[in-house]
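Right, one structure below, let's go through it.
The values are calculated or read from the model by the stated rules, or taken from the named source; none is laboratory data. This is a predicted model, so every value here is computed, not measured. Cβ coordinates were reconstructed from backbone atoms using ideal geometry, including for glycine residues, and neighbour counts include every protein chain displayed. For the accessible areas, the whole protein counts, side chains as well, though only heavy atoms, and no ligand, DNA or RNA atoms are used. Shrake-Rupley method; radii C 1.70, N 1.55, O 1.52, S 1.80 Å.
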Amino acid sequence: MTISHNLMTTRNSQEPKLRLAVLASGRGSNFEAICQAVDEGRLHGQVVLLISDNENAQALERARKRGIKALYINPQSFASRVEYEKALVRACQEVEADIVALAGYMRLLGKTFLDEYHLKTVNIHPALLPAFPGLHAQKQALDYGVRFSGCTVHFVDEGVDTGPIILQAVVPVYFDDTVETLEARILKEEHRIYPKALQLIAEGRVVVEGRRVRIIGDEHGDQDTQP
Ligand code: GRF
């Protein structure tokens, strides 16, 4: 049986903007790209919260500069992962987040969080999944010798980078690439497709059918669903 799930069907038409919470552990360039897309009207949303598990994350700084609520939630200060995830849920609920976007968030989310934000949590991964999940995806691609790599925006499930794929973008891999040059080429595409995927969600055009994601109006596609 195919389970079809239109993400935004329950949205109140009085409040059309997608309310986004972002979870980031480090630099925050994807967070910045999402904010820029909002500023430039390419993403009909509002970033209402940035949460980090790392006190020194540049992402926290970026959020504060923009006047976006920025929370450092220290996982070590909770008795268990369940309690930590409950705190994440509370923080996201407090700001009435519709979608939680992971952007370089270096932890796996479990049942406690995903029961609340199932098919409402998305992630960006710097490889063409299902190839090279987990850490150091760009190095994995380089070491393997693939001719093409790229990035993937996907829904988050309890696995490591295993949820249904929303968008992907492809970049070439050159023989003289280093991890850094490949990383930079992929990152540019990350910054392009992450806001684009969120905008598709905001438009109510993202429908999950089992493992597959239909982009309404783009079934034959050019929304980074085709090379
Ligand atoms: C990105 O490459 C993203 O794909 C991966 O972690 C990195 C985060 O970069 N999940 P930034 O913090 O968004 O600059």
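Return the residue satisfying two criteria in turn: it lies in the stretch 34-63 and is within 13 Å of the ligand (Cβ to nearest atom) and open to solvent by 10 Å² or more (accessible area, probe 1.4 Å), and of such residues it is nearest to Arg81 (Cα to Cα).
Here the residue is Asp53.
Find all pairs meeting these conditions: Cβ atoms under 7 angstrom apart; at least six residues apart or on different chains; first residue within the stretch 58-85 and under 16 Å from Ser29 (Cβ atoms); second residue open to solvent by less than 60 Å² (accessible area, probe 1.4 Å) and among the polar types (S, T, N, Q).
Sorted first by the residue in the stretch 58-85, then by its partner, the pairs are Ala59/Ser52; Leu60/Ser52.
Hey, can you tell me all the residues within the stretch 81-116 that are open to solvent by 50 Å² or more (accessible area, probe 1.4 Å) and more than 16 Å from the ligand (Cβ to nearest atom)?
Matches in the stretch 81-116: Arg81, Val82, Glu83, Lys86, Arg90, Gln93, Glu94, Glu96, Lys111, Asp115, Glu116.
Out of the residues in the stretch 173-227 that are touching a Cys at 6+ places or on another chain (Cβ under 7 Å) and not aliphatic (A, V, I, L, M), state the one that is nearest to the ligand (Cβ to nearest atom).
In this case the residue turns out to be Glu190.
Looking only at the stretch 88-107, which residues are touching a helix residue (DSSP H, G or I) at 6+ places or on another chain (Cβ under 9 Å) and either free of Cβ contacts under 8 Å to residues at least 60 places away in the same chain or over 23 Å from Ala33 (Cα atoms) (or both)?
Val89, Gln93
Would you mind finding the one in His136, His154 that is buried (at least 18 other Cβ atoms within 10 Å of the Cβ) and closer than 26 Å to Gln58 by Cα?
After ruling out the rest, the residue left standing is His154.
Can you name the number of the only condition in (1) part of a helix (DSSP H, G or I); (2) over 20 Å from Ala202 (Cα atoms) that Glu55 fails?
So Glu55 meets the others, but not (1).
All but one of (1) farther than 19 Å from Ala197 by Cβ; (2) more than 15 Å from the ligand (Cβ to nearest atom); (3) free of Cβ contacts under 8 Å to residues at least 40 places away in the same chain hold for Gln140; state the number of the condition that does not hold.
Every condition holds for Gln140 apart from (2).
Hey, can you tell me all the residues within the stretch 64-79 that are over 25 Å from Gln199 (Cα atoms) and open to solvent by less than 50 Å² (accessible area, probe 1.4 Å)?
Correct list: Ile73, Asn74, Pro75.
With respect to Arg192, determine if the residue is open to solvent by 60 Å² or more (accessible area, probe 1.4 Å) and either touching a Gly at 6+ places or on another chain (Cβ under 9 Å) or under 15 Å from Val153 (Cα atoms) (or both). Can you show your working first?
Working: open to solvent by 60 Å² or more (accessible area, probe 1.4 Å): yes; either touching a Gly at 6+ places or on another chain (Cβ under 9 Å) or under 15 Å from Val153 (Cα atoms) (or both): yes.
So Arg192 fits the description; yes.
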